[in-house]
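These notes concern the structure reproduced below.
The values are calculated or read from the model by the stated rules, or taken from the named source; none is laboratory data. All values reported here derive from a predicted model rather than from experimental measurement. Backbone-built Cβ (ideal geometry, glycine too); neighbour counts: all protein chains shown. In case anyone asks, the SASA skips ligands and DNA or RNA and just uses the protein heavy atoms, side chains included. Shrake-Rupley method; radii C 1.70, N 1.55, O 1.52, S 1.80 Å.
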Amino acid sequence: MQERKGIITFQGNPLTLLGPGLKVGDKAPGFTLLNNQLQPVTQAAYQGKTLLLSVAPSLDTPVCAIQTKKFN
C-alpha cells in the first residue's frame, strides 16, 4: 500500500495517509464506510448513483463541527 507522509497533521503532528491521492474526476476506489446506524456499507451499494461523501471524524472538534454546519 502506498504511504503518503507529511500531507496532513492532527494536533500539529504529521500523519501518514495510505493509498494513492485522488484527483477531480477519478473514480473512487473500493471502500467500506459506516452508515448512520454504524453498519458497514460498501461502494457496491451506490453503484450507478451519484454519491457525495462528507467526512467528519469527530463532531466534538471545532473544524468538524463547522464543516458539518456549512454542509447542512
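For every residue, the table says whether it meets (1) touching a residue at least 40 places away in the same chain (Cβ under 8 Å); (2) assigned to a loop (DSSP other than H, G, I, E, B); (3) touching a strand residue (DSSP E or B) at 6+ places or on another chain (Cβ under 9 Å).
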position: ARG4; (1), (2), (3): no, no, yes
position: SER58; (1), (2), (3): no, yes, no
position: GLN67; (1), (2), (3): no, no, no
position: LYS70; (1), (2), (3): no, no, no
(message) Which numbered condition in (1) assigned to a strand (DSSP E or B); (2) modelled with pLDDT of 90 or more; (3) not β-branched (Val, Ile, Thr) is the only one that LEU33 fails?
(response) (2)
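Yes or no, residue by residue, for (1) surrounded by 10 or more Cβ atoms within 10 Å (Cβ to Cβ); (2) part of a strand (DSSP E or B):
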site: ILE8; (1), (2): yes, yes
site: LEU17; (1), (2): yes, yes
site: PRO20; (1), (2): yes, no
site: ALA28; (1), (2): yes, no
site: GLN37; (1), (2): no, no
(message) Against the condition touching a Leu at 6+ places or on another chain (Cβ under 7 Å) and either without any contact (Cβ under 8 Å) to a residue 12 or more places away in the chain or acidic (Asp, Glu) (or both), how does VAL24 come out, does it pass?
(response) no
(request) Please identify the pairs in which a residue from the range 36-53 that is within 18 Å of ASP26 (Cβ to Cβ) has its Cβ atom under 9 Å from the Cβ atom of a residue that is open to solvent by less than 100 Å² (accessible area, probe 1.4 Å) and of a type in the set (Phe, Trp, Tyr), counting only partners at least 6 apart or on another chain. (result) GLN43/PHE31; LEU53/PHE31
(request) Would you tally the residues in the range 39-55 being surrounded by 10 or more Cβ atoms within 10 Å (Cβ to Cβ) and in a strand (DSSP E or B)? (result) 2
